Protein chains: 2
Amino acid sequence: MPAAAFGADERAGVYRAIETRRDVRNEFLPDALPAALVRRLLEAAHHAPSVGFMQPWNFILLRERERREAVHRLFSHANDEAAAMFGDERGRAYRALKLEGILAAPLNICVTCDRTRGGRVVLGKTHNPEMDLYSTVCAVQNLWLAARAEGVGVGWVSIYHADELKALLNVPDHVAIVAYLCVGYVDQLYARPELAEKGWRERLPLDELIFEEGWPEGGRETAVTPDE
Amino acid sequence: MPAAAFGADERAGVYRAIETRRDVRNEFLPDALPAALVRRLLEAAHHAPSVGFMQPWNFILLRERERREAVHRLFSHANDEAAAMFGDERGRAYRALKLEGILAAPLNICVTCDRTRGGRVVLGKTHNPEMDLYSTVCAVQNLWLAARAEGVGVGWVSIYHADELKALLNVPDHVAIVAYLCVGYVDQLYARPELAEKGWRERLPLDELIFEEGWPEGGRETAVTPDE
């Protein structure tokens, strides 16, 4: 098929999804998502690139309140541990942030990566075994951008002990949890990333992140922005 | 800002980019990419989600022929090793596939992840330390989809020894290489993923990859499709 550039509107849609996608934490509407819409999001995820075309992902959909409450307990426990890792002032700021919408969002999606799919030797994964995990992340990002175009918000929860969540969801040993997503309609999005809006961290200047032909001497110092 | 769904054309653009994005290996045109276009692609990458808004990525742009030839030597060596890992028949099929466009594409982009950016404790990364790598993969996928909308092809090369490529590009120890991308204009794209077109592997039925409320007993067997 022709590889030509998209027309102006379709191209604008791609950039708009990329630029206005937000990590939604707390602002989900309770309305259930239509099945056809959820299917479109999962199809988008399933069209991600995957190393050796192994398509290592599965999607566990969680809607039952009790299940999500059990996940929320795992999060809360881990989040208390996380808050304690920051210094006093930063720890207070951390606790003031709402970091997940597990209960507020009507749909949670656990995205997993089957490390054994495709057999013992997978094309493209011979030298970089983490490529299957990266493929699964591409599926998450596809779903996230499609959701933005649908007026649906997505939040990625990463604060939990993986072994606890795997046990709760009956995920086998050879399967890794890559992402736990909260999904639901939203009314409003932050104009900038929430952590920038709330003064936690600013966007870095892109120019400082681009190098030509190789990593420069002294390039390390340019780009590092330690907090503490 | 309002989170409403996009209009039909903009939404179609998002799904079209997702569905027609291909991993381009060998079909690059030699034409140089305009600087403004490359900038748009990198801005798209830079607007990826990142854990704790740490934005751990850097982009090393490689255009010089000699540099790309050096990278190509690393690839060729690793690819010979990879071919030997397959059985005889599969190994022959593997060798017939063209797996990279390092020299054909006028631009290569090495996308890295600074594991130390943001300091000792990063919000959201306390319990899942690989989240910074996953953020960087989201940047790659953003770039890939934006490129599709621009009529630009991208191929992700994963067959190399990371330590060799890091040494060649002067990448510091605390920085991981997440992706090595070949980028250039293309005329035509495969209608389906190249590895499906060439009979290497087929797309899995999405229905088999979706579970409700948890991983089912026996779910392992459903989804695994070993080759050998």
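The values are calculated or read from the model by the stated rules, or taken from the named source; none is laboratory data. Keep in mind the model is a prediction, meaning the values are calculated, not measured. A quick note on method: Cβ atoms are made from the backbone with ideal geometry, for glycine too, and the neighbour counts reach across all protein chains shown. Just the protein is used for accessible areas: all its heavy atoms, side chains included, with ligands, DNA and RNA removed. Shrake-Rupley method; radii C 1.70, N 1.55, O 1.52, S 1.80 Å.
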- Task: Count, please, the residues in the range B:180-202 that happen to be charged (D, E, K, R) and either facing chain A (nearest Cβ under 7 Å) or within 18 Å of A:Cys110 (Cβ to Cβ) (or both).
- Result: 2
- Residue by residue through the range A:55-64, note down the ones that are in contact (Cβ under 8 Å) with a residue 24 or more places away in the chain and not polar (S, T, N, Q). A:Pro56, A:Trp57, A:Phe59, A:Ile60, A:Leu61, A:Leu62, A:Arg63
- Message: Looking only at the range A:146-162, count every residue that is open to solvent by less than 20 Å² (accessible area, probe 1.4 Å), among the hydrophobic types (A, V, I, L, M, F, W, C) and under 18 Å from A:Gly101 (Cβ atoms) and tell me the total.
- Response: 5
- Task: Within the range B:157-170, track down each residue that is among the small types (Gly, Ala, Ser) and part of a helix (DSSP H, G or I).
- Result: B:Ala162, B:Ala167
- Message: Need pairs with beta-carbon distance below 8 Å; first residue farther than 22 Å from A:Arg40 by Cα and within the range B:8-28, second in a helix (DSSP H, G or I); sequence gap 6+ or separate chains.
- Response: B:Arg25/B:Glu194
- Which residues, taken from the range A:168-219, are among the aliphatic types (A, V, I, L, M) and closer than 17 Å to A:Gly155 by Cα? A:Ile177, A:Val178, A:Ala179, A:Leu181, A:Val183, A:Val186, A:Leu189, A:Ala191, A:Leu195, A:Ala196
- Task: Go through the range B:173-197 residue by residue and tally those that are open to solvent by less than 30 Å² (accessible area, probe 1.4 Å) and not aliphatic (A, V, I, L, M).
- Result: 6
- Item | Candidates A:Val154, A:Val140, filtered to the one that is assigned to a strand (DSSP E or B) and either of a type in the set (Val, Ile, Thr) or at pLDDT 95 or above (or both) | A:Val154
- Message: Given the criteria more than 7 Å from chain A (Cβ to nearest Cβ), over 30 Å from A:Asn79 (Cβ atoms), in a loop (DSSP other than H, G, I, E, B) and of a type in the set (D, E, K, R), does B:Asp173 qualify?
- Response: yes
- Task: Can you confirm whether the range B:113-121 contains a residue that is touching a His at 6+ places or on another chain (Cβ under 9 Å) and more than 7 Å from chain A (Cβ to nearest Cβ)?
- Result: yes
- Query: If you scan the range A:102-134, which residues turn out to be under 13 Å from the mean Cα position of the chain (by Cα) and either crowded, with 24+ Cβ neighbours inside 10 Å or of a type in the set (Val, Ile, Thr) (or both)?
  - Reply: A:Asn108, A:Ile109, A:Cys110, A:Val111, A:Thr112, A:Tyr134
- Message: Exactly one condition in (1) more than 16 Å from the chain's Cα centre (by Cα); (2) small (Gly, Ala, Ser); (3) facing chain B (nearest Cβ under 8 Å) is false for A:Ala44; which is it?
- Response: (1)
- Scanning the range B:212-222 residue by residue, those more than 7 Å from chain A (Cβ to nearest Cβ) and open to solvent by less than 40 Å² (accessible area, probe 1.4 Å) turn out to be B:Gly219
- Message: Can you find a residue that is open to solvent by less than 20 Å² (accessible area, probe 1.4 Å), more than 9 Å from every other protein chain (Cβ to nearest Cβ) and either of a type in the set (Ser, Thr, Tyr) or touching a Lys or Arg at 6+ places or on another chain (Cβ under 8 Å) (or both) anywhere in the range A:85-101?
- Response: yes
- Verdict on A:Thr136 being hydroxyl-bearing (Ser, Thr, Tyr) and in contact with a Ser or Thr (Cβ under 9 Å, 6 or more places away or on another chain): yes
- Query: Is it the case that B:Thr116 is among the β-branched types (Val, Ile, Thr), under 23 Å from B:Ala35 (Cβ atoms) and out of contact with any helix residue (DSSP H, G or I) (no Cβ under 7 Å at 6 or more places or on another chain)?
  - Reply: no
- Query: Within the group B:Gly124, B:Gly153, which residue is at the interface with chain A (Cβ under 7 Å from one of its Cβ atoms) and on the phi > 0 side of the Ramachandran plot?
  - Reply: B:Gly124
- Message: Return the residues of the range A:26-53 that are open to solvent by less than 10 Å² (accessible area, probe 1.4 Å) and in contact with a strand residue (DSSP E or B) (Cβ under 6 Å, 6 or more places away or on another chain); say none if nothing qualifies.
- Response: A:Leu42
- Message: If I ask for residues that are within 9 Å of another protein chain (Cβ to nearest Cβ) and crowded, with 21+ Cβ neighbours inside 10 Å, which ones from the range B:57-77 would you list?
- Response: B:Trp57, B:Asn58, B:Phe59, B:Ile60, B:Leu62
- Item | Selected residue [more than 8 Å from chain B (Cβ to nearest Cβ) and either of a type in the set (A, V, I, L, M) or surrounded by fewer than 17 Cβ atoms within 10 Å (Cβ to Cβ) (or both)] from A:Leu165, A:Leu209 | A:Leu165
- Note on the structure: Result of the Cβ filter at 6 Å on the range B:127-148, keeping first residues that are more than 7 Å from chain A (Cβ to nearest Cβ) and partners that are part of a helix (DSSP H, G or I) and open to solvent by less than 10 Å² (accessible area, probe 1.4 Å), at least 6 apart or interchain, is B:Ala139/B:Ala45; B:Leu143/B:Leu41; B:Leu143/B:Ala44; B:Leu143/B:Ala45; B:Ala147/B:Leu41; B:Arg148/B:Ala17
